[in-house]
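K.L.:
Handing you a structure now.
The values are calculated or read from the model by the stated rules, or taken from the named source; none is laboratory data. This structure is a prediction, so every number in the text was calculated from the model and none was measured. FYI the Cβ positions are ideal-geometry reconstructions off the backbone, even for glycines, and counts take in every protein chain you see.
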Amino acid sequence: MTAALLAWYDRHARLMPWRTGPAEKAAGIRPDPYRVWLSEVMLQQTTVAAVRKYHERFTTLWPSVADLAAAEDADVMAEWAGLGYYARARNLLKCARVVMADHGGRFPDTHDALIALPGIGPYTAAAIAAIAFDRPETVVDGNVERVMSRLFDVSTPLPAAKPELTDHAARLTPRDRPGDHAQAVMDLGATICTPRNPACGICPLRAPCLARQRGTQDDRPVKAPKKPKPQRTGYAYVGRRADGAWLVETRPDKGLLGGMLGFPGSEWGETPEPTPPLRAEWRPAGEARHVFTHFALTLTVMVAELPPANPERGHFLAADRFDPTALPTVMRKVHEVAAPHLDVERPGASG
DNA sequence: TATCCGTGGAT
DNA sequence: TATCCAAGGAT
């Protein structure tokens, strides 16, 4: 079964910036652990399509773990903006600095040492050990769970089924080419054994697949029902000084959008109170809607021209240093609502 | 074990 | 429009 999967992978492996090409593979060259680590962290709960450009940008700006470890926190957070799950970016920096301080700038090559690093859990530790160092570790992500649940027709609902699925995956892990095997299962799950309408007809594991034999593939994996999303509201305050500077704040490291740049605002809940960050003629400019993983948010966007006084919250950022692409998506939406209401006369510009 | 933590594309 | 869900980790 493993041989058929590897043969399929040799023909159909997807090309990605962090993978070695056919020529390098033929020469026995392993992928760069730094690039593999970066890709695996970015790929946590994130699509390959979204990760590609971020990975390219990061490795251009910071070609090695030493470069990344020496980067400014704010620069890294700004580059991560839009990718989501911002704790990953904070842990990415922590991890890079631990690798420099405690591992001489080289990523450890064992599962146990890897999982001790910030932002590296069971999946990522196994993935780096297998892909970068070709260790016979068993990688279990959402793809592997789906493939195993179908291959062995597991009817236990997730997440309770995880140990059972991990057990199946472990038994299939070969001593030879474990790194390619891990990526083969994931590629299979991403391109053939997909969540909906799996392409069983061209699947290399079609013959032994129990779900295929029994016709249950559309009902695997079984998942526990999800909870409904609560609706929350709040206020966001977008103010500009006469010189064009924007009032922004860096959010605290913990919690939602931790460490990211944003606009001051109220609490987000059922009936939030307005909390303007300083005295001004605040007026409503519109609403910004955004859906997070576990709640939906509607923000009333308030705008104002601000006096040069020091704000109680946040700080002023000069117009030429303000970049909306450095904002998390919800704050970028707030900016889009506010900006047309806050045109300022630029010094030297004539109107 | 359950909850929190983003985003955008597919259907 | 609503729902799913993607190479999960931290707490």
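K.L.:
Within segment A:334-346, how many residues turn out to be within 15 Å of DNA strand B (Cβ to nearest atom) and over 11 Å from A:PHE263 (Cβ atoms)?
P.N.:
1
K.L.:
Could you please tell me which pairs satisfy a Cβ distance under 9 Å, a separation of 6+ or placement on different chains, a first residue in segment A:181-204 that is within 16 Å of DNA strand B (Cβ to nearest atom), and a second residue that is among the polar types (S, T, N, Q)?
P.N.:
A:GLY189/A:ASN143; A:ALA190/A:ASN143; A:CYS193/A:ASN143; A:CYS193/A:GLN217; A:PRO198/A:GLN217; A:ALA199/A:THR191; A:CYS200/A:GLN217
K.L.:
Which members of segment A:279-316 meet the condition of being touching a strand residue (DSSP E or B) at 6+ places or on another chain (Cβ under 7 Å), part of a loop (DSSP other than H, G, I, E, B) and either more than 16 Å from DNA strand B (Cβ to nearest atom) or among the acidic types (Asp, Glu) (or both)?
P.N.:
Matches in segment A:279-316: A:ALA280, A:GLU281, A:TRP282, A:PRO308, A:PRO311, A:ARG313, A:GLY314.
K.L.:
Which of the residues belonging to segment A:76-102 are under 22 Å from A:LEU261 (Cβ atoms), part of a helix (DSSP H, G or I) and aliphatic (A, V, I, L, M)?
P.N.:
Scanning segment A:76-102 gives A:VAL76, A:MET77, A:ALA78, A:ALA87, A:ALA89, A:LEU92, A:LEU93, A:ALA96.
K.L.:
May I pose another question? Test each condition in (1) charged (D, E, K, R); (2) surrounded by fewer than 13 Cβ atoms within 10 Å (Cβ to Cβ); (3) within 16 Å of DNA strand C (Cβ to nearest atom); (4) in a helix (DSSP H, G or I) for A:ARG146 and report the one that comes out false.
P.N.:
Answer for A:ARG146: the failing condition is (2).
K.L.:
Could you list, in sequence order, the residues of segment A:188-241 that are assigned to a loop (DSSP other than H, G, I, E, B), of a type in the set (Gly, Ala, Ser) and outside the structural domain of A:TRP8 (by TED's automatic domain parsing)?
P.N.:
Let us first name the residues in segment A:188-241 that are assigned to a loop (DSSP other than H, G, I, E, B), namely A:192-199, A:203-209, A:215-216, A:220-222, A:224-230.
Now narrow it down to the ones that are of a type in the set (Gly, Ala, Ser): A:199, A:207, A:215, A:224.
Correct list: A:ALA224 only.
K.L.:
When you go through (1) within 16 Å of DNA strand C (Cβ to nearest atom); (2) outside any loop (DSSP other than H, G, I, E, B); (3) within 23 Å of the chain's Cα centre (by Cα) one by one for A:LEU257, which number turns out not to apply?
P.N.:
Condition not satisfied by A:LEU257: (2).
K.L.:
Only one residue in A:TRP80, A:TRP8 is crowded, with 17+ Cβ neighbours inside 10 Å and away from DNA strand B (no atom under 16 Å from the Cβ), so which one is that?
P.N.:
Working: A:TRP80 fails: away from DNA strand B (no atom under 16 Å from the Cβ).
Of A:TRP80, A:TRP8, the one residue that is crowded, with 17+ Cβ neighbours inside 10 Å and away from DNA strand B (no atom under 16 Å from the Cβ) is A:TRP8.
K.L.:
If you check A:GLY259, A:GLY265, A:GLY244, which single one turns out to be crowded, with 16+ Cβ neighbours inside 10 Å, in contact with a Lys or Arg (Cβ under 8 Å, 6 or more places away or on another chain), under 30 Å from A:THR46 (Cα atoms) and outside the structural domain of A:TYR86 (by TED's automatic domain parsing)?
P.N.:
Numbers: A:GLY265 fails: in contact with a Lys or Arg (Cβ under 8 Å, 6 or more places away or on another chain); A:GLY244 fails: under 30 Å from A:THR46 (Cα atoms).
One residue alone meets the criteria, A:GLY259.
Let's see how each residue does on (1) buried (at least 17 other Cβ atoms within 10 Å of the Cβ); (2) within 12 Å of DNA strand C (Cβ to nearest atom); (3) of a type in the set (Gly, Ala, Ser); (4) not in a helix (DSSP H, G or I):
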{"site": "A:GLY104", "(1), (2), (3), (4)": "no, no, yes, yes"}
{"site": "A:ASP109", "(1), (2), (3), (4)": "no, no, no, yes"}
{"site": "A:LEU117", "(1), (2), (3), (4)": "yes, yes, no, yes"}
{"site": "A:TYR123", "(1), (2), (3), (4)": "yes, yes, no, no"}
{"site": "A:ILE131", "(1), (2), (3), (4)": "yes, yes, no, no"}
{"site": "A:THR138", "(1), (2), (3), (4)": "yes, no, no, yes"}
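For (1) assigned by TED's automatic domain parsing to the domain that holds A:PHE292; (2) of a type in the set (Val, Ile, Thr); (3) part of a helix (DSSP H, G or I), each residue gets a yes or a no:
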position: A:LEU15; (1), (2), (3): no, no, no
position: A:ARG19; (1), (2), (3): no, no, no
position: A:SER39; (1), (2), (3): no, no, yes
position: A:ALA50; (1), (2), (3): no, no, yes
position: A:HIS55; (1), (2), (3): no, no, yes
position: A:THR59; (1), (2), (3): no, yes, yes
position: A:ALA66; (1), (2), (3): no, no, yes
position: A:ALA74; (1), (2), (3): no, no, yes
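K.L.:
Would you check if A:VAL65 is in contact (Cβ under 8 Å) with a residue 12 or more places away in the chain and away from DNA strand C (no atom under 16 Å from the Cβ)? Break it down stepwise before answering.
P.N.:
Details: in contact (Cβ under 8 Å) with a residue 12 or more places away in the chain: yes; away from DNA strand C (no atom under 16 Å from the Cβ): yes.
The answer is yes for A:VAL65.
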